[in-house]
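Participant: Dumping the structure here so I can ask a few things about it.
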Amino acid sequence: MKPRDKLDPESELQTLRDIAVHRPVIEQAKGMVMLSNSVDEHAAFTTLREISQRTNTKLYDVAAIIVATGSDTTIDLDDEAVAAVLAQARETGLGGPFDTGNIETDQS
């Protein structure tokens, strides 16, 4: 096994900042998937990861779309990405607000 390359302190600090910013949104989205699909935390994360991979959208952006849709708020992503994520969410069986997929973007 190859040892991980060490990041310079500045890069490592930026990585930690990114984690601190993105984790709450991902956790919220996991909770929404858990509630909507009656699944455990692992299955919810797997669902988010699969949507991310199938739509070629960053996991954080998928989570932000899920949270914005579930909380009826706007999001600053392009309409095409939002539509792809919501279509994939419906395909995976997410119900509730994901059935209609109405979300306002700042691009609309």
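The values are calculated or read from the model by the stated rules, or taken from the named source; none is laboratory data. Only a predicted model underlies this, so the values are computations on that prediction, with no experimental measurement involved. When we count neighbours, we look across all protein chains shown, and the Cβ atoms used for this are built from the backbone with ideal geometry, even at glycine.
Participant: In segment 61-75, which residue that is in contact with a strand residue (DSSP E or B) (Cβ under 7 Å, 6 or more places away or on another chain) and surrounded by fewer than 23 Cβ atoms within 10 Å (Cβ to Cβ) is modelled with the highest pLDDT?
Facilitator: Ala68
Participant: Mind listing just one residue for me: the one in segment 46-56 that is hydroxyl-bearing (Ser, Thr, Tyr) and surrounded by 20 or more Cβ atoms within 10 Å (Cβ to Cβ) and, of those, nearest to Ile19 (Cα to Cα)?
Facilitator: Applying the filter and picking the extreme gives Thr47.
Participant: If you go through segment 38-55 one residue at a time, do you hit one that is under 15 Å from Leu94 (Cβ atoms), under 11 Å from the mean Cα position of the chain (by Cα) and among the acidic types (Asp, Glu)?
Facilitator: Yes - at least one qualifying residue is present in segment 38-55.
Participant: Is it the case that Thr15 is more than 16 Å from Gly95 (Cα to Cα) and of a type in the set (Ser, Thr, Tyr)?
Facilitator: Taking the combined requirement at face value, the residue satisfies it.
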